[in-house]
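Here the structure is laid out as structure tokens; the discussion comes afterwards.
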Amino acid sequence: MNDPAERYAAPTVLLHWLMAALIVATFWLGLTVADMPLSPTKFKWIAWHKWLGVTLLGLLALRLLSRALTRAPALPATMGTHARTMARLGHLGLYALMLAVPLSGWLMSSAYGFPVVYLQLFALPDLVAKNEALGDALRDAHTVLNWTLAALVAGHVLAALKHQFVDRDGLMARMRLRRR
Amino acid sequence: MKKTALFAAALLCAPLAFAQQVDLAQSRIGFTLKQLNVPVDGSFARFSANVVFDAKKPEAGKADFTIQTSSINLPTTDAVVEAKKKDWFNTAQYPTARFVSTGMKAIGNGRYQLSGKLTMKGITRDVSAPFTVRDAGALTLVEGTLPVSRLAFRIGEGEWSDTGTIDDKVEIKFRVALKRGA
Ligand code: HEM
């Protein structure tokens, strides 16, 4: 039996909520700049969008490390095989997109010939050589991956709410910030 | 009167008659600007160059470049469209930019100093840059970097004069390929 009081490891929980907040902010910033005409403000916001995205890439590395080094609490025994498979696939997809989304953004930036200079402090390596057509394709990829991520996040949130209010199996507590 | 004017014009043009042949395909006029510390490269695809340079007599050297501003290249199409607008190069009103040298001298170690007048957007400023000269096959390559203040030429007006987003300092990088023996 699983211990209902068991949580994910503290770093995993912290990173989960920090990344959730930053992903929402970065997503919103991305949508906003995509519709802006060229202006100094647009350049500044794109820069912040890139820095936040690269930060998320770094946080993802920490999160995977924390996830690999600690044990995830067992799923509620009440969950059926189908639900367990869905949860596993969903989480796998979220991890994959948390990697693919910022990576496609970085690739796009390199392809357009704009190196990423993190926080104006140091230049990240260019992932591909300058090529505007490739940049356009990567931009489309970035958009599609982002909407896939958004859909998966929506499903993730709905599933969590179902556990909380329909199944009432206390699953959300596994991600709570503080020990009870 | 008319004849004197013609004679004077002929005299002024005279040095250019001896200009070395420039291999434009091997020559390049590029620049690097900094946008929030991100180096962004650009160039001008079309320009003409009249250059006279003899390493034995650098003081007698001359250079005259005319750049077609609408041939500007930047990483993205959006940026190229923007750069031709009024706030930037205003290519409709100022189709050319020009550099005319006023002096050259050797500064040692195979390096030389070039001074001259640069005109962009109807504004003329004195500028100066070091350059190097080296042989590459049948060509003599003259290469240098000329730092300019974009605001001195009103390149990037209005909201774009904010140097926090795009630095005032722009480095113009030139490479002129002279055909030797021509
Ligand atoms: C988890 C991280 C990220 C999220 C959630 C995200 C989200 C988005 C979204 C929603 C858009 C708008 C797409 C559209 O409507 O077409 C966008 C655009 C963009 N993103 Fe990201 N992004 C992330 C990371 C990055 C990174 C790391 C970079 C580059 C280093 C980047 C560079 C861009 C660029 C250049 C655009 C286009 C902006 C424009 O219209 O010029 N993104 N992003």
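Laboratory data are not the source of any read-out in this text; all were calculated from the coordinates shown. As the structure is a prediction and not an experimental result, all values here were calculated from the model. Cβ sites come from the backbone with ideal geometry, for glycine too, and all protein chains shown count toward neighbours.
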Considering only residues that are surrounded by 14 or more Cβ atoms within 10 Å (Cβ to Cβ), part of a loop (DSSP other than H, G, I, E, B) and hydrophobic (A, V, I, L, M, F, W, C), look in region B:70-111 and name the one that is farthest from the other protein chains (Cβ to nearest Cβ).
-> B:PHE89
Options A:TRP106, A:TRP51, A:TRP45; residue that is touching a Phe, Trp or Tyr at 6+ places or on another chain (Cβ under 8 Å), within 14 Å of chain B (Cβ to nearest Cβ) and in a helix (DSSP H, G or I) = A:TRP51
Enumerate the pairs (first residue in region A:132-144 and within 14 Å of chain B (Cβ to nearest Cβ) and of a type outside the set (Lys, Arg); second residue anywhere and more than 9 Å from the ligand (Cβ to nearest atom) and assigned to a helix (DSSP H, G or I)) with beta-carbon separation below 9 Å, excluding pairs fewer than 6 apart on the same chain, so at least 6 apart or on different chains.
-> A:GLU132/A:ALA111; A:GLU132/B:THR77; A:ALA133/A:ALA111; A:LEU134/A:ALA111; A:GLY135/A:ALA111; A:ASP136/A:ALA111; A:ALA137/A:ALA111; A:LEU138/A:ALA111
Which condition breaks for B:GLY42 when tested against (1) within 14 Å of chain A (Cβ to nearest Cβ); (2) touching a helix residue (DSSP H, G or I) at 6+ places or on another chain (Cβ under 7 Å)?
-> (2)
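Before we move on, is B:ALA129 of a type outside the set (Val, Ile, Thr), buried (at least 16 other Cβ atoms within 10 Å of the Cβ) and more than 14 Å from chain A (Cβ to nearest Cβ)? Outline the logic, then answer.
Details: of a type outside the set (Val, Ile, Thr): yes; buried (at least 16 other Cβ atoms within 10 Å of the Cβ): yes; more than 14 Å from chain A (Cβ to nearest Cβ): yes.
It is true that B:ALA129 is of a type outside the set (Val, Ile, Thr), buried (at least 16 other Cβ atoms within 10 Å of the Cβ) and more than 14 Å from chain A (Cβ to nearest Cβ).
So is A:GLY93 crowded, with 16+ Cβ neighbours inside 10 Å and within 13 Å of the ligand (Cβ to nearest atom) or not?
Values: crowded, with 16+ Cβ neighbours inside 10 Å: yes; within 13 Å of the ligand (Cβ to nearest atom): no.
No.
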Find the residue count for region A:122-161, including only residues that are loosely packed, with under 14 Cβ neighbours inside 10 Å, under 30 Å from A:ALA72 (Cα atoms) and not small (Gly, Ala, Ser).
-> 4
Positions within region B:142-182 being in a loop (DSSP other than H, G, I, E, B), within 14 Å of chain A (Cβ to nearest Cβ) and either surrounded by fewer than 17 Cβ atoms within 10 Å (Cβ to Cβ) or out of contact with any Asp or Glu (no Cβ under 8 Å at 6 or more places or on another chain) (or both), in sequence order | B:GLU157, B:ASP162, B:THR163, B:GLY164, B:THR165, B:ASP167, B:ASP168
Odd one out for A:VAL128 among (1) within 12 Å of the ligand (Cβ to nearest atom); (2) within 30 Å of B:GLY164 (Cα to Cα) | (1)
Within region A:17-48, of all residues that are crowded, with 18+ Cβ neighbours inside 10 Å and more than 30 Å from B:VAL80 (Cβ to Cβ), the one nearest to the ligand (Cβ to nearest atom) is A:ILE23
